Structures are given as structure tokens and as C-alpha cells.
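The values are calculated or read from the model by the stated rules, or taken from the named source; none is laboratory data. None of the values given here were measured: they were computed from a predicted structure. Note: ideal-geometry Cβ built from the backbone for every residue, glycine included; neighbour counts use all protein chains shown.
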Amino acid sequence: MVLVSIVIFILILGAGLLGLWAHKRLPEAVKDDSARSVVGQVTGIVSLLLALVLGTLIGTSFGFFGTQKTELEMLSSQILMLDQALAQFGPDTKPARDRLKESVQTVYETFWGDRDPDPKLLSVTMPLASAQATKAFLATLKPETDAQKQALASANLLTNQIMQGRVMIDLQVASHPISSGMLTVLTIWAVILFFAMGLFVKQNGLVVAAMAFGAICVAFAIFLILELGLPYTGLFRVSGAALHTVLETIDN
């Protein structure tokens, strides 16, 4: 994402510098007030569209990020409740509880540990396989009391909810908030805007610095959109505090 943002910054700033270069070579006949007014109006429209779309996408990406945080907290509470249900059944569920804690530990170390997370681990294959293994184990249990029957029913229900929640998280992450086509359109708008801005101004250090600052702002906005769309592998990662609390509580 950093490389994409750098490329966008170079394209936008390059368009502004190209506009400044073109200004020196424009015939004086086309530099009148009417041409400046028309270009200024078009620039205003493009600037408004760019600001609206960037603002909307940042809001959408932030909402997506917040949704993932809520989903993770919900998933963590369901895991903790599953452990409690297994504990209520009795000591026969100790292997399932150990496996549950091990899987939570693996997920936590993968995405919040010292090593870089692998995006390939965010697939529906792992949660489906884990859920099937847990359900197969629960099917082997033979409840003898009403309390065990209720605990087993709760464990089966929670296992299904955990599987659905984990699959939903993986599918949501796979659906990135911004597509490559939309990113291309935003870049084109920004390039047009900065080229038009440089077309009717004289080049000096202040103008170039202002264009560079504007290009940085647009590139960083796109970087923010892209990074918020990667809540488990990006720079702005959702907090793993909920899972850490589960690890401290589970199987105790």
C-alpha cells in the first residue's frame, strides 16, 4: 500500500509540474481571463468531486474497520462462552478445551505477535475445518444429566456461531472497500486537477511546495482508505485485546 501511495503521489505532483511547464509554453492569446475562468470552474468541479469521494471512502473504510473490531469482540465472547460450556459438561471435554485455547493462541500470535501476519491465513478453509473437528468431537460425547445435555446443546450452538462469525470476518476482509477501478478514477481526477492548477500560475518555490503538500494529502488519504481495508494485516490493525483477554481466562 505504501508503494501504491508513492506512485499516486508522483503522478499527481508530476501532473502539477507538467501544468507549470505547459504554462510557460501556452500562447498569450489563450491566457486571458475567460480561459482562466472556465478552467477555474472545471477545476472547482473536479476538486469538489474528489473531496466528496475521498471523504465518503474514508468514512466507509473507517466504518468497515469498526465493524471488524465489533465482530472480533463478539467472536471472542463466543469463544469464552464455548469454553465455559465445555467446562460445565465435565472433564471429558478437556481435549476440546485445550485445542480451543491452542487455536486462539495461534490466531493471536499470527496477527498480533512479533512476526508479520500472513494474509493467506484469512481464508474460510481454516475456520470451517476447525468447526467441523469440534462438532465431530462434541458428537462423541454422551451426556448423562440434564446439566450435561444443556451444556452440550450450548456448545453446539456456540460452535456454529463461532464458525459463522469467523467465516463472515474472512469474507468481509476479502471484499475490499475500494476497488482498483475506483482507485484509478480517483487518481485520474487528482492528476487532472493538479495539471489544471499549474496551467495558469507562474512557477516558483511556494507554488511547487503547495502542490507537493496537496499531492501528499491526496496520496495519504488513499493510503488511509487502503490500510483501513486491511484490519488484520495492515498498518492500522484492530486491537487484539479481546482475544488476549480470552487467552488469559480460557481453561482456567
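Yes or no, residue by residue, for (1) under 23 Å from Ser76 (Cβ atoms); (2) at pLDDT 90 or above; (3) exposed (fewer than 15 other Cβ atoms within 10 Å of the Cβ):
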| residue | (1), (2), (3) |
| --- | --- |
| Ala139 | no, no, yes |
| Glu144 | no, no, yes |
| Ala155 | yes, no, no |
| Gln172 | yes, no, no |
| Phe200 | no, no, no |
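Go through (1) without any contact (Cβ under 8 Å) to a residue 24 or more places away in the chain; (2) of a type in the set (Val, Ile, Thr); (3) under 18 Å from Gly55 (Cβ atoms) and name the single condition Val218 misses.
(1)
Please find, among Thr159, Thr70, Thr56, Thr60, the residue that is more than 30 Å from Ser180 (Cβ to Cβ), in a helix (DSSP H, G or I) and not basic (Lys, Arg).
None of the other options fit; the residue is Thr159.
Looking at region 225-242, which of its residues are among the aliphatic types (A, V, I, L, M) and modelled with pLDDT under 85?
Leu230, Leu235
For the structure I just gave you, tell me whether Ser130 is modelled with pLDDT under 80 and exposed (fewer than 14 other Cβ atoms within 10 Å of the Cβ).
No.
Yes/no per residue for (1) closer than 25 Å to Glu102 by Cβ; (2) of a type outside the set (Phe, Trp, Tyr); (3) touching a Phe, Trp or Tyr at 6+ places or on another chain (Cβ under 9 Å):
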site: Asn160; (1), (2), (3): yes, yes, no
site: Gln164; (1), (2), (3): yes, yes, no
site: Leu199; (1), (2), (3): no, yes, no
site: Gly205; (1), (2), (3): no, yes, no
site: Gly214; (1), (2), (3): no, yes, yes
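Inside region 215-252, can you point out the residues that are over 15 Å from Ser61 (Cα atoms), under 24 Å from the mean Cα position of the chain (by Cα) and either of a type in the set (Phe, Trp, Tyr) or part of a helix (DSSP H, G or I) (or both)?
Ala215, Ile216, Cys217, Val218, Ala219, Ala241, Ala242, Leu243, His244, Thr245, Val246
Taking the residues in region 174-188 that are surrounded by fewer than 19 Cβ atoms within 10 Å (Cβ to Cβ) and in a helix (DSSP H, G or I) as candidates, determine which candidate is farthest from the chain's Cα centre (by Cα).
Of everything passing the filter in region 174-188, Ile188 is farthest from the chain's Cα centre (by Cα).
Within the bounds of region 11-24, is there any residue that is of a type in the set (Val, Ile, Thr) and either modelled with pLDDT under 90 or exposed (fewer than 12 other Cβ atoms within 10 Å of the Cβ) (or both)?
No, that holds for no residue.
Return a yes/no flag: does region 43-50 have any residue that is farther than 30 Å from Gly181 by Cβ and touching a residue at least 60 places away in the same chain (Cβ under 8 Å).
No: region 43-50 contains no residue that is farther than 30 Å from Gly181 by Cβ and touching a residue at least 60 places away in the same chain (Cβ under 8 Å).
Return the total of residues in region 231-243 being out of contact with any Phe, Trp or Tyr (no Cβ under 8 Å at 6 or more places or on another chain) and either closer than 17 Å to Leu171 by Cα or free of Cβ contacts under 8 Å to residues at least 40 places away in the same chain (or both).
Residues flagged as out of contact with any Phe, Trp or Tyr (no Cβ under 8 Å at 6 or more places or on another chain) and either closer than 17 Å to Leu171 by Cα or free of Cβ contacts under 8 Å to residues at least 40 places away in the same chain (or both) within region 231-243 amount to 2.
Could you check region 25-53 and list, in sequence order, the residues that are surrounded by 12 or more Cβ atoms within 10 Å (Cβ to Cβ), assigned to a helix (DSSP H, G or I) and not β-branched (Val, Ile, Thr)?
Ala35, Arg36, Gly40, Gly44, Ser47, Leu49, Leu50, Ala51
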